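The values are calculated or read from the model by the stated rules, or taken from the named source; none is laboratory data. Small disclaimer: the values here were computed from a predicted structure and weren't measured. As a convention, Cβ positions derive from the backbone with ideal geometry for all residues, glycine included, and neighbour counts pool all protein chains shown.
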Amino acid sequence: MLEIRDLHASINGKEILNGISLTIRDGEVHALMGQNGAGKSTLSNIIVGHPAYEVTSGTITFNGKDLLSMAPEERAHLGIFLSFQQPVEIPGVSMTNFMRAALNAKRKAQGLDPLPATEFLKLMRERRKIVDLDSKLANRSVNEGFSGGEKKRNEIFQMAMLEPTFAILDETDSGLDVDALRIVAEGFNKLRRPETSALVITHYQRLLDYLKPDIIHVLIGGKIVHTGGPEVAMMIENNGFDQFIKE
Amino acid sequence: MEAALQYIELYEQCRGMINEHSTPLLNQPREQACEDFRRLGLPTQKLERYKYTDVAESFAPDYGLNLRHIDIPVNPYEVFRCDVPNLSTSLYFVVNDRFYDRALPTAPLPEGVLVMSLAEAAAKYPQFIENRYGRLARSSKDGLNALNTMFAQDGLFIYVPKNTVVERPLQFVNILRADVDLMVNRRLLIVLEDGAEAKILFCDHAIDDRNFLATQVSEVFVGENAHLELYELEETHVKSRRFSNMYVDQQRNSSATLDSITLHNGLTRNRTDVTLSGEYAETRMFGCVVADKQQHVDNNTLIDHRVANCQSTELYKYVLDGEALGAFAGRVLVREGAQKTISQETNANLCATDTARMYTQPMLEIYADDVKCSHGSTVGQLNDEALFYMQQRGIPQDEARMLLKFAFVGEVLDSIRLEPLRDRLHYLVEKRLRGELSKCEGCRLCK
C-alpha cells in the first residue's frame, strides 16, 4: 500500500506540489489526470526519488516503510517501478547487460543469487513476447535509436522483467499509435497480479478504457481537487478541466 | 636547467662505463646527443608539444641508473601472471632496459624473424640497424630523444623480413624492477620489411614499490605493403613515470594500427609521430585512458600526411576520476600535394568528478585543396538522467556509474582486432572502473 500524506515539493525553489494526500491499496489502479504543468510528473518523480526535486514537507510510505529516506535503487528493490514519460537513451550499454544488472541487483537485495545466464536469456525471450518487442532491440544499446513507440514498449518490457508490485505509468500512451497502445495496455494487464497496484498518468480516455482504473484523481495546481470513479475520465473528455477549477 | 644539469654531469662522469656496457652502434651517436641535450635541455612547458606536462619535475629527483648492467635478480614467471587467456602469443620479457633471454618462447618464429636484445643485434646484424637507429627519433629535435640516446645501452629489436607473416602475436612484458629508485632508458627498433606482417603487444608493469622513471624511444619502420598492429598497455603504479616517444614511418600501401591503453599509472607522457611517406598507406590510432587519484596521462600525437591518397583515423577516449589530469593534443598535418587525404580525428572525454581535469587540443593543418578531413573533441560529465534511469531500475549508483564509464570507453576497446586481447581488456577495464584494479593484475606488490 502506498500512502502519501500532505506532500509539498519544489524544484529550483519553485513550489509544484501543494499538499497532496493519496492512498493506493494493493490491487488498485488509480489514474491521475490534469493539465500540463499540474504536477503529475513531479509526483511520480518524487515517488521514485528523482534527486532534482525537493520534498519540503509531508510523507510517503510504501507498505509502512518511509520511502523519502531511501535511495532510488532501494525503492526499486521494494518493487516500485516508473515507466518513464521520456525514456533515456544510454549509448554503449546493451539492453541485455542493463537488464541483467537491474535484475541481479534486485535479486541481491532479496538475498537471492544472480540468475544463471541461460535462465536470464530465456526470461528475456519470454517477457519480450508480452509487448511484442523485436529481438534485435535487445541487442542494441538501451533505447538508442528506438522509435517513440519502441521506447514505450521497452518500458513495459522492463516492467515485465522486474515484476514490480507498484507501477507508475507516466504518459505511457503518448506517442503510441492505436495498435501499439493496445499492445502496451494489454501487456500491462497481463502482468497484473492480485497484489499489484498502479498509478496511471494520462491525458486520454483511451488508455483508461483498457486499464479500467478503480479511482481517478484530478490534479490542478499541485493539489488533488477531485477524486471519483471511472466516470471522471468521461467528465474530463466531455467538459475539460475547467469544471474542477471552479470547485 | 638544474634538472638537466645532473644528467649532463652524470654523462660526463660515466661515459666510459656507459660505452663499455653497450655496443659501438649505440655508442656512436652519444656525443652528438649530449651536444644536442646541452642545447635543448629538458623540454619546458613553453614548447607547444610539452604544454601539459612538467618534464623537469619528473627528472629532478635523484634516481639510480644501472649503467654497469648489474644483474637484478628476477624470475618473470614468478612475478608476472598477467596472461591473456586464449591468446596464444610468443611471450618475451624485457626487464628494465634488457631483453630477458633466459625465458624465451619455445615455438619457433618464421625464418629470418629476429626478436632480440638491441645491443646484441647491433653487434651481430649491424646492417639492419646502422641506417635506422636514430633516423626517425632525431636527438637534434627533442630533448628527451637526446637524453635517451645519451644513456640508452640496450633495448629491443624486432625484425620481420620481406613478405614474412608472423601469425602468432609477439607479446613483450616490460618489467620495471629495482631495489632502489631507478631510471631506465630503453630503446626499441621495429622493422617490418616490404610485405611483412606482425602483431605486437607491449604490457608495461612495475613490480617494485619504488619510484621509477622510464624513457623509451621507439622507431618503427613499416615497409611497402607491410601491415603492423601494435598494442601498448600500461599497468604500472602511481610511483612510475613514463616518457615514451614513438616514431613510425609508413611506406606505400602499408597499414599500421596503433593502440595505446593506459589502465593504471603514475605520470605518463606518450608522444606518437606517424609519417605517411608512401601513397595509399593507412594509419589507425586508438587510445583509451582510465585515470583517477592524481594520475597524469598526456598523449601527444602527430600524423604527417606527406603524400597523396593516404588515410588516417584517430580516436582517443579518457575517463577521469578523482583528481586525475588528462591531456590530448593531436595534430594532423596534410602537406602540400597530399591530395585525396582522408583523415578523421576524435577525442572524447569524461570527467566523472569535479576535480578531474582534461585538456584537449585537436589540430588539423591542411595545405592541400582536395581532401576530406574532420576533427572534434568533447569533454563531458556522466549523464545524470541516465544514472537516475538506471537507479530507478534498481541498479545501485556505483554500478550505474561504472556501466556508463565502461560504455564510454567501449568504443575504443571494440576497435582492438585481436579478439582475446579485446575480451581481456573488457575484463580489465571493468575491474579497473570498479576500483578493484588499483594494483595491476599480475604483479606482487604495486600500489
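Listing for the model above:
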item	result
Residue check for residue A:111: assigned to a loop (DSSP other than H, G, I, E, B), more than 8 Å from chain B (Cβ to nearest Cβ), under 23 Å from residue A:153 (Cα atoms) and not aliphatic (A, V, I, L, M)	no
Condition broken by residue B:68, with the remaining ones in (1) among the charged types (D, E, K, R); (2) touching a residue at least 40 places away in the same chain (Cβ under 8 Å); (3) assigned to a helix (DSSP H, G or I); (4) more than 13 Å from residue B:142 (Cα to Cα) satisfied	(3)
The lone exception for residue A:30 - which of (1) at pLDDT 95 or above; (2) farther than 23 Å from residue A:234 by Cα; (3) not aliphatic (A, V, I, L, M) it fails	(2)
Region B:426-439 residues that are farther than 17 Å from residue B:324 by Cα and surrounded by fewer than 18 Cβ atoms within 10 Å (Cβ to Cβ), paired with ones that are at pLDDT below 90 and charged (D, E, K, R) (beta carbon under 8 Å, 6 or more apart)	B:431/B:441
Region A:131-144, subset in a loop (DSSP other than H, G, I, E, B) and among the charged types (D, E, K, R), residue nearest to the other protein chains (Cβ to nearest Cβ)	A:144
Single residue of region B:402-417 satisfying the filter (assigned to a loop (DSSP other than H, G, I, E, B) and over 18 Å from residue A:96 (Cβ atoms)) that is farthest from the other protein chains (Cβ to nearest Cβ)	B:417
Condition broken by residue A:36, with the remaining ones in (1) modelled with pLDDT under 95; (2) under 25 Å from residue B:390 (Cα atoms); (3) more than 14 Å from every other protein chain (Cβ to nearest Cβ) satisfied	(2)
Exclusive hit being under 25 Å from residue B:421 (Cα atoms), touching a residue at least 40 places away in the same chain (Cβ under 8 Å) and either part of a loop (DSSP other than H, G, I, E, B) or among the polar types (S, T, N, Q) (or both), set B:174, B:145	B:174
Filtered residue count, region A:76-102, keeping only those that are of a type in the set (Lys, Arg) and either in contact with a Pro (Cβ under 6 Å, 6 or more places away or on another chain) or within 8 Å of chain B (Cβ to nearest Cβ) (or both)	0
Matching residues in region A:188-209 - criterion: being farther than 20 Å from residue A:238 by Cβ and surrounded by fewer than 24 Cβ atoms within 10 Å (Cβ to Cβ)	A:189, A:190, A:191, A:192, A:193, A:194, A:195, A:196, A:197
Test result for residue B:12, acidic (Asp, Glu) and outside any loop (DSSP other than H, G, I, E, B)	yes
Subset of region A:56-75 that is of a type in the set (Val, Ile, Thr) and closer than 21 Å to residue A:166 by Cα - its residue that is farthest from the other protein chains (Cβ to nearest Cβ)	A:59
Scope region B:258-282; condition touching an Asp or Glu at 6+ places or on another chain (Cβ under 8 Å) and farther than 20 Å from residue B:297 by Cβ; matching residues	B:275, B:276, B:277, B:278
Subset tally (residues that are under 16 Å from residue B:233 (Cβ atoms), away from chain A (no Cβ under 14 Å) and charged (D, E, K, R)) for region B:418-436	6
So residue B:282, is it under 23 Å from residue B:217 (Cβ atoms) and under 20 Å from the mean Cα position of the chain (by Cα)	no
Long-range neighbours under 6 Å by Cβ, at least six apart or interchain, first residue over 21 Å from residue B:362 (Cβ atoms) within region B:332-344, second in a loop (DSSP other than H, G, I, E, B) and aromatic (Phe, Trp, Tyr)	B:336/B:367
Residues that are within 14 Å of another protein chain (Cβ to nearest Cβ) and either part of a strand (DSSP E or B) or among the aliphatic types (A, V, I, L, M) (or both), drawn from region B:361-385	B:378, B:380, B:382
Restricting region A:65-94 to residues that are in a strand (DSSP E or B) and among the polar types (S, T, N, Q), the residue that is farthest from the chain's Cα centre (by Cα)	A:94
Qualifying residue in region A:115-130 (condition: within 14 Å of another protein chain (Cβ to nearest Cβ), surrounded by 15 or more Cβ atoms within 10 Å (Cβ to Cβ) and in a loop (DSSP other than H, G, I, E, B))	yes
Search result, residues across region B:208-226 that are under 20 Å from residue B:97 (Cβ atoms) and part of a strand (DSSP E or B)	B:212, B:213, B:214, B:215, B:216, B:217, B:218, B:219, B:220
Any hit, region B:389-401, residues being of a type in the set (Val, Ile, Thr), more than 10 Å from chain A (Cβ to nearest Cβ) and not in a helix (DSSP H, G or I)	no
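Matching residues to (1) out of contact with any Pro (no Cβ under 6 Å at 6 or more places or on another chain); (2) in contact (Cβ under 8 Å) with a residue 60 or more places away in the chain; (3) of a type outside the set (D, E, K, R):
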| residue | (1), (2), (3) |
| --- | --- |
| A:142 | yes, no, yes |
| A:148 | yes, no, yes |
| A:170 | yes, yes, no |
| A:176 | yes, no, yes |
| A:211 | yes, yes, yes |
| A:217 | yes, yes, yes |
| A:226 | yes, no, yes |
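Results for (1) modelled with pLDDT under 90; (2) in contact with a Lys or Arg (Cβ under 9 Å, 6 or more places away or on another chain), shown as yes or no for each residue.
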position: B:45; (1), (2): no, yes
position: B:57; (1), (2): no, no
position: B:72; (1), (2): yes, yes
position: B:85; (1), (2): yes, yes
position: B:91; (1), (2): yes, no
position: B:105; (1), (2): yes, yes
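Condition check ((1) in contact (Cβ under 8 Å) with a residue 40 or more places away in the chain; (2) farther than 24 Å from residue B:56 by Cβ) across all residues:
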position	(1), (2)
B:251	yes, yes
B:258	no, yes
B:261	yes, yes
B:267	yes, no
B:272	no, no
B:279	no, yes
B:282	no, yes
B:290	yes, yes
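One line per residue, one yes/no per condition, for (1) assigned to a helix (DSSP H, G or I); (2) on the phi > 0 side of the Ramachandran plot; (3) among the aromatic types (Phe, Trp, Tyr); (4) within 19 Å of the chain's Cα centre (by Cα):
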{"residue": "A:146", "(1), (2), (3), (4)": "no, no, yes, no"}
{"residue": "A:195", "(1), (2), (3), (4)": "no, no, no, yes"}
{"residue": "A:208", "(1), (2), (3), (4)": "yes, no, no, yes"}
{"residue": "A:217", "(1), (2), (3), (4)": "no, no, no, yes"}
